[in-house]
Each structure stands twice: as C-alpha cells, then as structure tokens.
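Asks: One structure follows; several queries about it will come next.
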Amino acid sequence: MTESIEVPDCYYPREPTLVKPSSSTPKHLLYLSNLDDQKFLRFSIKYLYLYKRSVEVEVLKESLSKVLVGYYPLAGRLKIGEQDGEKLEVDCNGEGALFAEGYVDLSVAEFLEGSRRPNKSWRKLLYRVEAQSFVGVPPLVVQVTHLSCGGMIVSTSINHCLCDGIGSAQFLHAWAQITTKPNANLPVIPFHSRHALKPRTPPCIPFFHPEFNGPPAGEAAVDLLTQFLLSQPLVPVAVTFTASQILQLKKQCVPSIKCTSFEVLASHVWRAWIKSLDPPPSLVVKLLFSVNVRKRLKPELPRGFYGNGFVLGCAQTSVDRLVTSNARYGVKLVQEAKGSLDDDYIRSMIDLLEERRGKPDLSSTLVISPWSKLGLEDLDFGVGRPLHMGPLASEIYCLFLPVIGDLNAFTMLVSVPQSIAQRFEQYCLKGIGEREDQKQDGGKEDNGGRGY
C-alpha cells in the first residue's frame with residue numbers, strides 16, 4: 001500500500017485575521033431549512049487543494065472579501081434560534097471569514113508521493129478554532145500554507161448547515177474566478193433563501209422513511225456489528241477505479257439494465273464492504289447516498305441555490321441477497337432508491353424532520369457521498385489546476401473523489417476497521433483488475449472468516 005505523508009508542524013508568522021465583505025451587506029437572520037439543520041450535518045466540509053505555485057496571500061484575501069459580498073451568510077455566524085432553543089439560523093452580521101497563513105517544511109513532490117491516504121497530521125493544514133461548540137466556529141475558515149518549494153496548499157472549512165457539496169463548489173469557483181478576474185461578475189448569482197424547503201402545516205408524512213428508521217433496539221447482530229466497527233482503529237482505504245474497470249462493471253449489468261457509473265460503483269463498493277465485514281446472512285443492511293434534488297422538486301429550486309439541496313437515497317436488503325445475487329441486483333436497488341425521490345417523497349422527509357429531528361440510521365449502513373462530478377478538481381486561482389484535491393481527513397463516510405486529469409475515473413476513499421482493510425480493498429478490485437502496488441503486496445485474496 002502507498003504510504004501516507006506525515007505533515008510537519010505549521011509555523012504561523014501572525015495570528016489569523018477576519019476577512020469581511022468588501023462592501024456593506026444585508027444584516028438579517030437567515031432561515032435554515034430542515035435539510036440544512038439536520039443533526040448529522042453539524043460539521044464542516046473540509047477540502048484540501050495542492051498547487052505547484054503560490055498566489056500572494058493579499059490577493060487571495062482581497063478576492064475573498066469581494067466574493068463574500070455575494071455570499072455574505074458565510075461571513076456571518078451560526079446561532080441557536082430563540083423559538084425552540086434547538087433550530088439553527090445564520091446571523092448575517094458581516095463578522096467575516098477566518099483566514100490563516102502558515103508555512104511548513106514540505107515540498108509539493110513529497111506531499112504528492114503520499115497523498116492517497118489522509119492521516120491525522122493533515123489537520124495541521126487547517127487552523128484549529130478554539131470554540132465551546134460547533135456553533136461558535138465561523139462558517140468559513142481558510143488556511144493558505146506555503147510549501148518549501150514555492151507551492152501552496154489551500155484548505156477550506158465550510159459549514160455543512162449552510163452549503164452542500166454543490167453549493168460549496170459554486171462558492172469556491174466564484175472565489176477562484178474573482179481571484180483571476182478581479183473585475184468580473186460572479187459566474188452564478190447566489191440564491192440565499194431556503195423558504196422553498198419549509199415544512200407544511202400541519203406536517204404530512206405519507207411515506208415510510210427507511211433512511212431514518214433503524215432496527216428494533218437490542219437486535220443482537222446489529223449490536224455486534226456496531227461494536228466491531230467501533231472496537232479497533234480505523235484506517236483509510238483508497239481505490240481508484242479507471243474508466244475501463246467501471247466499464248467492466250457495467251457490462252455485468254447489460255443488456256437487462258442500463259446504469260450510470262455512480263450506480264454501478266456504489267453497488268459494487270457496498271457489496272465489497274459487506275463481504276469484508278461478513279455479517280450474519282439474515283441481517284438487513286443499508287446503503288445511504290446523497291442525491292441532488294434541486295430539479296426533482298416542484299417547482300425546481302432556483303439556479304444559484306447553494307444551501308442543502310440533497311436528500312439521502314436508501315437501498316436496503318439482507319446480507320445473503322446482496323452478496324449471493326448477481327451485480328444487477330445491487331444496481332437495481334440503487335436505481336429504485338433514486339427513483340423514489342420525487343417531490344412528494346422529499347416533502348414528506350422535510351415534514352418528518354420537523355416532527356422529530358432525528359439522525360439517519362447508520363447501523364449496518366454504508367454512506368456514500370459523491371464529490372466526483374462537482375468540478376472541485378478544476379479550481380484555478382491563477383496558477384493552474386490543483387495537483388491534488390481531496391478531503392482533509394478520511395472518515396467512515398465513503399467519498400467518491402475526482403481523479404485529476406481523468407474525468408471518467410473515480411477514487412473511492414473510506415476508513416474501515418484495520419483488520420478488514422486489506423480484504424475490503426481486494427473485494428473492491430476482484431474481477432476488474434489489480435493496481436500495481438497491490439500486486440507488489442502479493443495480490444492474494446484474504447478469505448479470512450467473519451470480520452468480527
């Protein structure tokens with residue numbers, strides 16, 4: 001396996017500064033929808049970009065100040081609403097985004113060599129804000145880190161309650177464009193209001209929502225699996241699927257069904273994850289994956305909407321059906337889950353979240369978030385496209401990442417228990433070819449018994 005790079009400590013020549021909008025902005029409280037304010041979204045999306053050359057920090061600050069005029073809620077602060085003492089809203093007060101500048105004794109080449117698998121030391125590349133709670137952290141935190149060779153790393157933390165992946169990409173591209181063309185207009189006019197996603201009065205929930213409904217409390221097999229997933233260190237697994245490998249997976253489904261790259265890859269990774277864990281055959285397992293619903297709602301959300309415009313699709317079945325059926329079975333489950341997400345279903349979900357602010361059921365569940373079709377890998381601040389783009393850390397949520405220079409390939413990144421990591425990687429690659437570095441590791445399949 002490719003080693004991960006250990007990042008040395010960062011040196012900060014000065015305290016971070018607050019970058020405020022360059023001109024006056026509206027001062028008001030911004031309502032957050034039930035899709036924004038979900039408890040499982042109370043974290044920040046953290047991106048890391050590696051560039052061969054640096055941009056002057058003052059140039060980046062100036063362009064950020066300009067773009068925050070349009071995206072002024074990101075310069076505000078989260079607060080807990082006074083009505084129920086639980087729901088979040090944004091105080092659009094123009095306080096500013098936190099901007100840090102650091103230096104690290106590391107070259108672009110050194111980082112690239114070990115960039116496949118993030119580790120905890122990468123967190124040094126984003127300034128840590130001391131706050132009593134999630135609410136106290138500015139919605140936007142940026143760190144520009146100068147490398148010893150003249151390159152730079154740009155790390156961003158964007159509060160997920162304000163933006164989803166599409167929204168964060170929209171904001172970042174606006175910042176990059178204003179950096180390279182200071183007098184240009186924003187490429188897309190941001191749409192702030194979330195009122196199109198308000199719940200109905202009274203709430204109407206005609207659908208059963210498996211994404212939020214878990215198994216009965218105390219189910220032994222579920223408890224054992226949960227204990228196993230939490231019982232040992234998690235290690236990141238990264239597998240790149242080339243266009244030819246994805247085509248091989250699709251050929252296993254034709255002519256009976258046609259499918260997208262995401263559908264076939266999501267099903268394939270889900271099966272590999274379950275096979276490597278080897279839970280009891282009768283256990284019901286789920287796949288949750290984010291689906292953009294901007295155009296599924298009636299009326300559609302306006303162009304430029306950058307809030308959370310996604311919901312979770314849910315595919316579920318028993319372990320034995322998933323692992324013993326052909327590839328078409330899993331793909332069909334994913335397609336059916338996507339197909340159920342119409343306006344009625346989404347409105348029902350919004351109303352469900354109004355009645356009970358629950359979290360998705362994550363027991364015996366793999367969660368996939370696709371970052372691969374957002375254009376994140378094209379972010380150019382005037383020194384060319386990034387040499388690397390990815391998350392600042394690897395989590396139990398599975399990411400489908402873009403591959404720099406290859407629009408048709410995906411890198412799958414997820415953290416799994418250490419004892420099954422190699423087996424999981426082998427199942428991911430089984431039948432579609434092996435990477436060279438895996439062949440060097442021996443390339444033998446580990447058919448060890450139950451993961452736990």
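The values are calculated or read from the model by the stated rules, or taken from the named source; none is laboratory data. What you see is a predicted model, and the numbers here were worked out from it, not measured in a lab. When we count neighbours, we look across all protein chains shown, and the Cβ atoms used for this are built from the backbone with ideal geometry, even at glycine. Areas reflect the complete protein model, heavy atoms only, side chains present, ligands, DNA and RNA absent. Shrake-Rupley method; radii C 1.70, N 1.55, O 1.52, S 1.80 Å.
Asks: Can you give me the solvent accessible area of THR226 with a 1.4 Å probe, rounded to the nearest 10 Å²?
Replies: In the full protein context, THR226 sits at about 50 Å².
Asks: If you don't mind, another one. So, with a 1.4 angstrom probe, what is the percent of accessible area on the stretch 1-81 that is carbon and sulfur? Could you put the intermediate results ahead of the total?
Replies: Numbers: 2030 of 3760 Å².
The value for the stretch 1-81 is 54 percent carbon and sulfur by accessible area.
Asks: Further, regarding this structure: At a 1.4 Å probe radius, carbon and sulfur cover how many percent of the accessible area of the stretch 97-210?
Replies: On the way: 2660 of 4810 Å².
Answer for the stretch 97-210 is 55 percent, counting heavy atoms of protein chains only.
Asks: Still on this structure, I have one more. How many percent of DSSP beta bridges within the stretch 313-438 run antiparallel, rounded to 5?
Replies: Details: 5 of 8 bridges.
Bridges in the stretch 313-438 are about 60 percent antiparallel.
Asks: Do the sum for the chain: with -39,500 (n - 2.57) for every DSSP H run of n ≥ 4, divided by all residues, what is the mean residue ellipticity at 222 nm, to the nearest 500 deg cm²/dmol? Working shown, then result.
Replies: Numbers: 11 runs with 120 residues, N = 452.
Estimated from H runs of four or more residues: -8000 deg cm²/dmol.
Asks: Once you sort the root eigenvalues of the Cα gyration tensor of the stretch 286-429 as a ≥ b ≥ c, which label holds: rounded (a/c under 1.5), prolate (a/b larger than b/c) or oblate (the other case)?
Replies: Numbers: a/c = 1.76, a/b = 1.04, b/c = 1.69.
Note, shape of the stretch 286-429 comes out oblate.
Asks: Only bridges with both residues in the stretch 76-185 count here: give the DSSP antiparallel percent, nearest 5. Spell out each step's value before the answer.
Replies: On the way: 11 of 18 bridges.
Beta bridges within the stretch 76-185, antiparallel portion: roughly 60 percent.
Asks: How large a share of the accessible area of the stretch 235-298, in percent, is made up of carbon and sulfur atoms when the probe is 1.4 Å and the other protein chains stay in place?
Replies: On the way: 1480 of 2460 Å².
Carbon and sulfur together cover 60 percent of it.
Asks: Let me ask you something else. Looking only at the chain, where both bridge partners belong to it, what percent of the DSSP beta bridges are antiparallel (to the nearest 5)? Intermediate values should be presented prior to the final figure.
Replies: On the way: 53 of 68 bridges.
The antiparallel proportion sits near 80 percent.
Asks: Round to a whole angstrom and tell me the spacing of the C-alpha centers of the stretch 235-298 and the stretch 1-58.
Replies: 30 Å
Asks: What shape does the chain have by the C-alpha gyration tensor, where a ≥ b ≥ c are the square roots of the eigenvalues, rounded means a/c under 1.5, and otherwise prolate means a/b greater than b/c and oblate the rest? Before the final figure, lay out the partial values.
Replies: Values: a/c = 1.74, a/b = 1.20, b/c = 1.45.
In terms of gyration-tensor shape, oblate.
Asks: Counting heavy atoms of the protein chains only and a 1.4 Å probe, report the per residue accessible area for the chain as a whole number of Å². Please report the intermediate quantities before stating the final value.
Replies: Values: 19590 Å² over 452 residues.
On a per-residue basis, 43 Å².
Asks: Pull up the cross-link candidates among the aspartates and glutamates for LYS66, meaning alpha carbon to alpha carbon under 15 Å and not fewer than 8 places away within one chain.
Replies: Those aspartates and glutamates meeting the cut-off are GLU58, GLU95.
Asks: In 10 Å bins starting at zero, report the fraction of Cα pairs in the stretch 40-99 per bin as a rounded %.
Replies: Whole-percent P(r) values from 0 Å outward: 18, 38, 30, 11, 3.
Asks: Only loop residues by DSSP count here, and only those with at most 11 other Cβ atoms within 10 Å; note down the GluC sites (Glu not before Pro) in the stretch 16-106 that meet that.
Replies: Values: sites: GLU56, GLU58, GLU62, GLU82, GLU86, GLU89, GLU95, GLU101; in loops: GLU56, GLU82, GLU86, GLU95.
Answer in residue order: GLU56, GLU82, GLU86.
Asks: Going by the alpha-carbon gyration tensor, a ≥ b ≥ c the square roots of its eigenvalues, is the stretch 1-90 rounded (a/c under 1.5) or, if a/c is not under 1.5, prolate (a/b greater than b/c) versus oblate? Intermediate results must be reported in sequence, preceding the final value.
Replies: Working: a/c = 2.52, a/b = 1.39, b/c = 1.81.
Verdict is oblate for the stretch 1-90.
Asks: How high is the FRET efficiency from TYR103 to THR201, r the C-beta distance, R0 56 Å, rounded to 0.05? Working shown, then result.
Replies: Numbers: r = 54 Å, r/R0 = 0.97.
The calculated FRET efficiency here is 0.55.
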